[in-house]
1. Where does the chain land at 222 nm, in deg cm²/dmol rounded to the nearest 500, when only DSSP H runs of n ≥ 4 count, each adding -39500 (n - 2.57), divided by all residues?
2. Please work out whether segment 40-138 counts as rounded, prolate or oblate from its C-alpha gyration tensor, where a ≥ b ≥ c are the square roots of the eigenvalues and a/c under 1.5 means rounded, while otherwise a/b larger than b/c means prolate and anything else oblate?
3. Using the Cα centre of the chain as origin and beta-carbon charges of +1 (Lys, Arg) and -1 (Asp, Glu), tell me which of 56, 41, 25 is placed farthest towards the positive end of the dipole.
4. Using a 10 Å cut-off on Cβ atoms, rank the peptides 101-109, 29-37 from the highest mean neighbour count down.
5. Place a point 7 Å from Cα of residue 32 in the direction of its Cβ. Which residues in segment 101-118 have their backbone N less than 16 Å from it?
6. Need one number: the % of Cα-Cα pairs in segment 73-122 sitting beyond the 15 Å mark.
7. Can you list the trypsin sites (Lys or Arg not before Pro) in segment 1-92 that are in a DSSP coil and have 15 or fewer other beta carbons within 10 angstrom?
8. Can you pull out the GluC sites (Glu not before Pro) in segment 44-82 whose DSSP state is coil and whose Cβ has at most 14 other Cβ atoms within 10 Å?
Amino acid sequence: MSKRTFMLVHETARENAAKFARNDAPDGWMATFSQPTKKRIQEEKYHAMMGDISKQCTFMNEKRELDDWKRLLVDAFAKVMRDAGTPIHHDGRVLPSLDFERVVQLGIQTKDFYVAEAAQFIEYLYAFGADRGVVWSEPKQKELQT
């Protein structure tokens, strides 16, 4: 046994986690409590949304690659969150390049988003797209029901 995960969603789960810590966890193990990380469905959604943005929008009067848009959008989202007083838990930073000729953005990656951060990022992308007339490729709710 190399790892145990307990989702603390009800009293029995909490009791099982406590019992495991008291009785079953080998000496030297550590316990970590954290918010849940993003879900695969959230990741798929925001990647599709960034794809729509990269196909339909320009930045500085030019089309940009998906990876460029991803970096731009994540950076802008992180700034919005900082300005709101709720920075994402792994906020980035900017450093000069080793030759001091460029600026390098470090640290912010969507793979590290918590569930709540991924949900807020999706809402941010909706707002960003709405301001620019993006037509989302996702199926409409009505189409999903048929």
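Any read-out appearing in this document is the output of simple, stated calculations on the displayed coordinates, not a laboratory observation. A quick note: this is a predicted structure, and the numbers were derived from the prediction, not measured. Cβ atoms come from the backbone with ideal geometry, glycine included; neighbour counts cover every protein chain shown.
1. Numbers: 5 runs with 66 residues, N = 146.
The helix contribution divided over the chain gives -14500 deg cm²/dmol.
2. Because a/c hits 1.5 or more and a/b fails to exceed b/c, segment 40-138 counts as oblate.
3. 25
4. Numbers: 101-109: 11.1, 29-37: 9.2.
Packing order, densest peptide first, comes out as 101-109, 29-37.
5. Within reach of a label on residue 32: 111-115.
6. Numbers: 558 of 1225 pairs.
Taking all Cα-Cα pairs of segment 73-122, the fraction more than 15 Å apart is 46 percent.
7. Values: sites: 3, 4, 14, 19, 22, 38, 39, 40, 45, 55, 63, 64, 70, 71, 79, 82; in loops: 3, 4, 38, 39, 63, 64.
Qualifying residues, ordered by number: 3, 4, 39, 63.
8. On the way: sites: 44, 62, 65; in loops: 65.
When the GluC sites (Glu not before Pro) of segment 44-82 are filtered for loop state and at most 14 Cβ neighbours within 10 Å, 65 remain.
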